[in-house]
1. Only one residue in Arg17, Arg7 is open to solvent by 80 Å² or more (accessible area, probe 1.4 Å), in contact with a helix residue (DSSP H, G or I) (Cβ under 9 Å, 6 or more places away or on another chain) and within 19 Å of Pro55 (Cβ to Cβ), so which one is that?
2. For region 20-43, give me each residue that is open to solvent by less than 80 Å² (accessible area, probe 1.4 Å), over 17 Å from Tyr5 (Cα atoms) and not polar (S, T, N, Q).
3. Of all residues in region 44-53, which are buried (at least 16 other Cβ atoms within 10 Å of the Cβ) and modelled with pLDDT of 75 or more?
4. When both residues are 6+ apart or on different chains and their Cβ atoms are under 9 Å apart, which pairs have a first residue that lies in region 12-36 and is touching a residue at least 12 places away in the same chain (Cβ under 8 Å), and a second that is exposed (fewer than 12 other Cβ atoms within 10 Å of the Cβ) and of a type in the set (Phe, Trp, Tyr)?
5. Could you list, in sequence order, the residues of region 38-60 that are in a helix (DSSP H, G or I) and among the basic types (Lys, Arg)?
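The values are calculated or read from the model by the stated rules, or taken from the named source; none is laboratory data. Not measured: the values here are computed from a predicted model. Cβ placement follows ideal geometry from the backbone for every residue including glycine, while neighbour counts extend to all protein chains displayed. To get the accessible areas, we keep the full protein, side chains included, count just its heavy atoms, and leave off ligands, DNA and RNA. Shrake-Rupley method; radii C 1.70, N 1.55, O 1.52, S 1.80 Å.
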Amino acid sequence: MADQYNRRTVVRISAIRIVVLSLMIGTLAYNPYYYILFGFAVLGLAYGQAGGIVPKRFPKKVPLF
């Protein structure tokens, strides 16, 4: 998905989906399977893309000593 779109865009969409997931907490009592599956999908997508964005925020050459 990040190959077709920008990584930041994918993370932003994932953040919006995490907000939707948090608003769906009421469905946990009635349909826990849907909540858990949607949660794993959304959080997995966000975690995978965040791993690629975080290193880019730091300078490329950092002296060790």
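1. On the way: Arg17 fails: within 19 Å of Pro55 (Cβ to Cβ).
The unique qualifying residue is Arg7.
2. Step one: of region 20-43, the residues open to solvent by less than 80 Å² (accessible area, probe 1.4 Å) are 20-22, 24, 26-28, 31-32, 35, 38-39, 41-42.
With the extra rule that they be over 17 Å from Tyr5 (Cα atoms), the set shrinks to 20-22, 24, 26-28, 31-32, 35, 38-39, 41.
Once the filter is applied, which keeps residues that are open to solvent by less than 80 Å² (accessible area, probe 1.4 Å), over 17 Å from Tyr5 (Cα atoms) and not polar (S, T, N, Q), region 20-43 yields Val20, Leu21, Met24, Gly26, Leu28, Pro32, Tyr35, Phe38, Gly39, Ala41.
3. Across region 44-53, the qualifying residues are Leu45, Ala46.
4. Hits for this filter: Ser14/Tyr47.
5. Lys56, Arg57
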